[in-house]
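Take a look at the structure below.
Every number in this text was worked out from the coordinates using simple rules, so none of it is lab data. Predicted model only: the values in this text are computed from it and were never measured. Note that we place each Cβ from the backbone using ideal geometry, even for glycine, and neighbour counts take in every protein chain shown.
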């Protein structure tokens, strides 16, 4: 296969102040359009062969838009879209979407949902349908939802899961527990991976230092190991706190002492394997 470097987590959008209300005034740096033409030169400069584009809007329309972009831009290797898992017609929706070969999995923005959302009966029913089509599921949560995620993942031992952004640990406040305890519990399920992404925006945007991330990276490396970790930039959200090369350097510097094969896994091979790119 040769050396493959993949950014496993990035987004595109045409900025819409109503739909993208999550982009608050203090996020001025990302209150504009971000499209494939903006990302491709950054990937090339960083030696990345491609990326996985992840949903930001909970709509079927956005999923189809991302698939169109993936058709137009070969560097987009996979799409993580959105479906309404609570819909009674979930299987029909998945069957329809299975015609799109670059659609690899789905995500719901659970961090914005009330506690207990992951364990709702209708949501669980929807997740159960994914395995029939070989789809993955990205878990986007805050630390307070980790305990719930442990119960959630254990109900589906054959489903491929990946934890986005290390569950957004409280890096700014230097909070390790109980995040650390629940990460270990979650990782003990062998069917879940973790993305080394989203760290810079959980730190102090203006004055973070690479050392701020070491305790958190130590935890996920101890718990998941190089076999279940994927590099992701979270571009363009990362631009709130860093340039593309700066956030990449945080991960590459940390893994510098690993074996060449372990580095290759984290920087691309695990993403290829997980998402079947």
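How would 165, 73 line up from fewest to most surrounding beta-carbon atoms within 10 angstrom?
Numbers: 165 24, 73 18.
Ordered by Cβ neighbours within 10 Å, fewest first: 73, 165.
Quick one: 125, 9, fewest Cβ neighbours within 10 Å first, how do they rank?
Ascending Cβ contact count within 10 Å gives the list 125, 9.
Have a look at the DSSP beta bridges in the chain and tell me what percent are antiparallel, nearest 5.
Details: 2 of 26 bridges.
Looking only at bridges with both residues in the chain, the antiparallel portion is about 10 percent.
Which order do 24, 65 fall in if you start with the one that has the fewest other Cβ atoms within 10 Å? Mind dumping the intermediate values first?
Values: 24 9, 65 17.
If I rank by nearby Cβ atoms, fewest first, I get 24, 65.
With the chain treated as a Gaussian network of Cα nodes joined by springs under 10 Å, which of 186, 214, 239 yields the largest mean-square fluctuation?
214
Between 131, 70, 21, which gets the highest mean-square fluctuation from a Gaussian network model of the chain, Cα cutoff 10 Å?
21
Mean residue ellipticity at 222 nm from the helices of the chain, using -39,500 (n - 2.57) per DSSP H segment of n ≥ 4 over the full residue count, to the nearest 500 deg cm²/dmol?
Estimated from H runs of four or more residues: -9000 deg cm²/dmol.
Which of rounded, prolate, oblate describes the range 49-96, given a ≥ b ≥ c as roots of the alpha-carbon gyration tensor eigenvalues and a/c under 1.5 marking rounded, otherwise prolate only if a/b is larger than b/c? Show your work: numbers first, answer last.
Working: a/c = 2.54, a/b = 2.21, b/c = 1.15.
Judged from the Cα gyration tensor, the range 49-96 comes out prolate (a/c at least 1.5, a/b above b/c).
If you build the Cα gyration tensor of the range 6-275 and take the root of 5 times each eigenvalue, what three semi-axes come out, in whole angstrom, biggest first?
Numbers: eigenvalues 128, 103, 72 Å².
Over the Cα atoms of the range 6-275, the semi-axes work out to 25, 23, 19 Å.
Zone of residue 98 (label point 7 Å along Cα→Cβ, backbone N under 16 Å): which residues in the range 108-131?
Only 126-131 fall inside the zone, counting backbone N under 16 Å.
Remind me, relative contact order of the chain in percent, using alpha carbon pairs under 8 angstrom and six or more residues apart? Please report the intermediate quantities before stating the final value.
Numbers: 468 pairs, mean separation 56.0, N = 277.
It rounds to 20 percent for the chain.
How much length, in nm to one decimal, is gained on full extension between residue 172 and residue 21, taken as 0.36 nm per residue of separation minus their Cα-Cα distance? Before the final figure, lay out the partial values.
Details: separation 151, 0.36 × 151 = 54.36 nm, distance 2.32 nm.
Result: 52.0 nm gained on full extension.
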